[in-house]
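**Q** This is the structure I have questions about; it appears just below.
Please treat every number below as a calculation from the coordinates, not as lab data. This one's a predicted model, so the numbers in the text were calculated from it and none came from an experiment. Don't worry about glycine lacking a Cβ; one is built from the backbone with ideal geometry, like all the others, and counts go over all protein chains shown.
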Amino acid sequence: MELILNFILEFDVNKLLYAINGKQLREDEIISLTADIRDYHNKLRKQKNYLFEFGKTFNKEYTTDNNKYFDTNVKISRKMRSGLTGFRDKIFKPFVKVTRKNPPKDSATPQLQDRSMINTRSYSADLFGLSSYPPCVKELFTAMIEFYEDLDDCISEGMRILQEEKQKKQDKRYCLERLIAACEKSRKAQMHIIKAAQDEPKLKEALLNSAELTGTSQNPVLNAFKKDSMSEMFAAAFFHNCLPSDIGKITLYKTCCESGNDAMMMMAITLFGDNKDKIKRINYIIAHFDSLLPDICKRSKIPAYKLYVFMEWCDCVMGIESFLNYFNKYYKEHGGKWDTIGKSAINGAKNRPIKNKNSNNKVDYDREKKEMLNAINDLLSKYMSLPASA
């Protein structure tokens, strides 16, 4: 890979002309070589298109469809190498000058690229340049330059994907977010089994005792999940190191094991992280949320900006919709008297301070936010012997 990158960077028209003259290539040989490179380039273009499409989604998906626990470097390198197969034979070999001298028996045979005149470091510039050569030479040069540009793009994109993956693996919160999304996707795909298990206790028991969901399956992903659950540590460890089928087993196991309370706790862990003390504080505030609101709420609904400030305070891993599903359920189960609100209301509240800057009727959102945060901390200090911040 390094050899090819260096060759691309150092390639110029004078090096090509020097090699053509040194090898004394005929016009028909140059035309044939140009056709070979064009054909090779067409194959590379297909690989480039695939690689760029692959790069758009690869690091957004938690699972892979490859062999378990594979090294991503191998996968990306294979994709890039498939575009480089034959590079040395196509580019270097036509310019190897044949010598009749036999090298000493104890000496190593020089590599193809080292014997190729087009890869030499010592060459002289052509006095008259490309314009003094027949059109077929210019066609060859153009074909090589266009090929190298796409080849360089392929290598750069492959390295970008690898670097991005490395960064994502270090972001445990991102890994957890992708894991949750993968589990939700799997849950929807298996909904018919999940509903049947919920309705039929015997089926649920049979699933839990099946080889796939017990330790006898020797599935490292599922076994690790049973110990760490939906923790950030677990999510980071298996990001791009498990199959969709592994997530399917996790989702099925989780669904079969959880009761109503377990389901809420699991939802809370996915939203706020595997921190039981933090979840207790959040749940306490939700249960007493009415004490943070005015005596009369407009249209009998929870004020959107106050709820948005609370969502920010919770440091929710997931999106607004997931947060609201949890908040609204817990709030109503604990006697909340006001009507709950939806995603569009929270989005509106989120953008309100920005719109406020250009408004004639300005609202002091900084003050409102500070008052809400102080009220949250006062509520925790008053009713619980827990830290006042999450």
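**Q** Taking R0 as 35 Å, what's the FRET efficiency between S300 and S381 from their Cβ-Cβ distance, rounded to 0.05?
**A** After rounding to 0.05, the efficiency reads 0.75.
**Q** Taking R0 as 41 Å, what FRET efficiency do you get between M191 and R352 from their Cβ-Cβ distance, rounded to the nearest 0.05?
**A** Result of the calculation: an efficiency of 0.65.
**Q** Over the C-alpha atoms of segment 232-313, what are the Rg and the largest Cα-to-Cα span, Dmax, in Å?
**A** According to the Cα coordinates of segment 232-313, Rg and Dmax are 17.4, 52 Å.
**Q** Related question: Of the peptides 172-180, 201-209, 148-156, how do they stack up when ordered by the mean number of other Cβ atoms within 10 Å, highest first? Mind dumping the intermediate values first?
**A** Details: 172-180: 20.1, 201-209: 13.1, 148-156: 16.7.
Descending packing order for the listed peptides: 172-180, 148-156, 201-209.
**Q** How far, in nm, would the chain grow between N325 and D228 when pulled straight, counting 0.36 nm per residue and subtracting the alpha carbon separation?
**A** My answer for the length gained is 32.5 nm.
**Q** Around V96, which amide H atoms from residues at least 5 apart in sequence, or from another chain, sit under 5 Å from its own amide H, with H modelled in the peptide plane?
**A** When sequence neighbours closer than 5 places are left aside, the close amide H contacts are M117.
**Q** Compute the distance in nm between two label points, each set 7 Å from the Cα along the Cα-to-Cβ direction, one at D315 and one at D150.
**A** 4.9
**Q** For segment 140-196, what is the convex hull volume of the alpha-carbon atoms per residue, in Å³?
**A** Expressed per residue, the convex hull around the Cα atoms of segment 140-196 is 99 Å³.
**Q** If you don't mind, another one. Note the full-extension length gain between S245 and C257 as 0.36 nm times their separation in residues minus their Cα-Cα distance, in nm to one decimal.
**A** 2.5 nm
**Q** Follow-up. Counting only C-alpha contacts under 8 Å and six or more residues apart, can you give the relative contact order of segment 130-232 as a whole percent?
**A** Relative contact order of segment 130-232: 20 percent.
**Q** Oh, and also: Can you tell me how much longer the chain between E212 and R38 gets when fully stretched, taken as 0.36 nm per residue apart minus their C-alpha distance, in nm with one decimal?
**A** Extra length from E212 to R38 when fully extended: 57.5 nm.
**Q** What is the distance, in nm, between label points placed 7 Å from the Cα along the Cα-to-Cβ direction at R160 and at S344?
**A** Rounded to a tenth, the inter-label distance reads 3.7 nm.
**Q** If you don't mind, there's one more thing I want to ask. Can you compute the FRET efficiency between E29 and K56 using 1/(1 + (r/R0)^6), with r the Cβ-Cβ distance and R0 = 45 Å? Round to the nearest 0.05.
**A** It comes to 0.65.
**Q** Still on this model: With 23 Å as the limit, write out which pairs from K195/K227; K301/K329; K298/K332 have Cα-Cα distances beyond it, or answer none.
**A** Going by Cα-Cα distance, K195/K227 fall outside the 23 Å limit.
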